[in-house]
Amino acid sequence: MKPSQVRISMGLFLLATFVGGVPAARAYSCSTQKAAGVYGFTLTGVILTSSGSVPAAAVGRASLDASGHVTGTEARSVAGGYADETFTGTLTVNSDCTGSMTLNFYDAGTLVRTSVLSVVFVDNQQELRMVQKSFTLPNGANLPVVITAEAKRTFIDQLD
């Protein structure tokens with residue numbers, strides 16, 4: 001082989017090696033449809049009042065459908081007072097796996113508060129982290145809160 005043919009052959013070999021060795025870019029994204037499923041969650045934090053911080057905690061179960069509708073139940077304790085509550089609301093999921101959730105909470109069928117949460121999905125949309133943005137009472141009063149929640153899919157086989 002002539003020296004120029006050797007260089008060309010070597011160049012093509014190296015080009016094929018490097019181009020062939022670069023992994024293809026994957027288009028990962030989240031969606032409301034992919035979020036659909038049943039989740040178990042925990043919530044902890046404080047409600048800030050003029051007389052001080054009031055501890056809050058809850059555990060529960062939430063069902064999300066592919067259209068962004070949310071329903072569920074929670075067992076909660078606020079300042080030691082226990083209640084079983086239900087909730088309904090909506091979820092919006094952005095392609096970057098962030099989103100928001102607006103939930104109305106009911107005790108024995110009576111609205112007790114509306115919560116808006118900022119959310120982020122992690123672990124291939126199997127888990128959800130949340131921080132509460134607002135806590136509004138039925139009379140329109142907004143209470144400042146520092147509340148976080150974590151949710152995890154109840155069943156792994158829910159993924160499509």
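What the table shows:
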item	result
Length added when fully stretched, Asp84-Leu111, from 0.36 nm per residue minus Cα-Cα	8.4 nm
Full-extension gain in nm, Val120 to Asp65, via 0.36 nm per residue minus C-alpha separation	18.1 nm
In nm, spacing of pseudo-spin labels at Ala75 and Gln33 (7 Å Cα→C-beta vector)	3.7
Residue order, fewest to most surrounding Cβ atoms within 10 angstrom, among Met101, Met130	Met130, Met101
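Any read-out appearing in this document is the output of simple, stated calculations on the displayed coordinates, not a laboratory observation. Bear in mind the structure is a predicted one, so any value in this text is a computation, not a measurement. Positions of Cβ are generated from backbone atoms using ideal geometry, with glycine treated the same way; all protein chains shown enter the neighbour counts.
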